[in-house]
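I have placed the structure first, in the form of structure tokens, so that the comments after it can refer back to it.
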């Protein structure tokens, strides 16, 4: 599988403001229930559940049943996947700019 195909769903999931807020909250505060996450955005519990499902589907978070509630936790390795992909793109741009600079300076 191409690298882009592996990370594209991750970037798509993070492209939504509410999901990005959920990820930020879980990163800062750790495991949270749906009820605790409802104040992340002015959306219903049902909408938060849909956003959490998208994040679970791309492997960004994992949900675990604890007693009567389900708690969601970040999977930092998926953030690392995105970071590595962005670093590769950055390195490609740096190389292209270096080639351009060398050509202009000649």
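To test your reading of the geometry: what angle, between 0 and 90 degrees and rounded to tens, separates the Cα axis of helix 3-14 from the longest principal axis of the chain?
Between the helix axis and the principal axis of the chain, the angle is about 50 degrees.
Pulled fully out, how much extra length does the chain show between residue 94 and residue 24, if you take 0.36 nm times their separation in residues and subtract their Cα-Cα distance?
Details: separation 70, 0.36 × 70 = 25.20 nm, distance 2.86 nm.
Using 0.36 nm per residue and subtracting the Cα-Cα distance, I get 22.3 nm.
Where the centre of each part is set by its Cα atoms, how far does region 15-33 sit from region 50-76, in angstrom?
10
Using alpha-carbon pairs under 8 Å, 6+ residues apart, how would you state the relative contact order of the chain in percent?
27
Using helices alone, I'd like the mean residue ellipticity at 222 nm for the chain: each DSSP H run of four-plus residues gives -39500 (n - 2.57), total over residue count, nearest 500.
Using -39500 (n - 2.57) per qualifying helix, the result is -22000 deg cm²/dmol.
For helix 45-57, what angle does its Cα long axis make with the longest principal axis of the chain, in degrees from 0 to 90 and rounded to 10?
So the helix axis and the longest Cα principal axis differ by about 50 degrees.
Between 0 and 90 degrees, rounded to the nearest ten: what's the tilt of helix 17-29 against the longest Cα principal axis of the chain?
Relative to the chain, helix 17-29 is tipped by roughly 80 degrees.
What is the ratio of the Cα radius of gyration of the chain to 2.2 N^0.38 Å, with N the residue count, to two decimals?
Here the answer is 1.40, to two decimals.
Read the figures in this text as sums done on the coordinates, not as results from a lab. The structure displayed is predicted, hence computed values, not measured ones.
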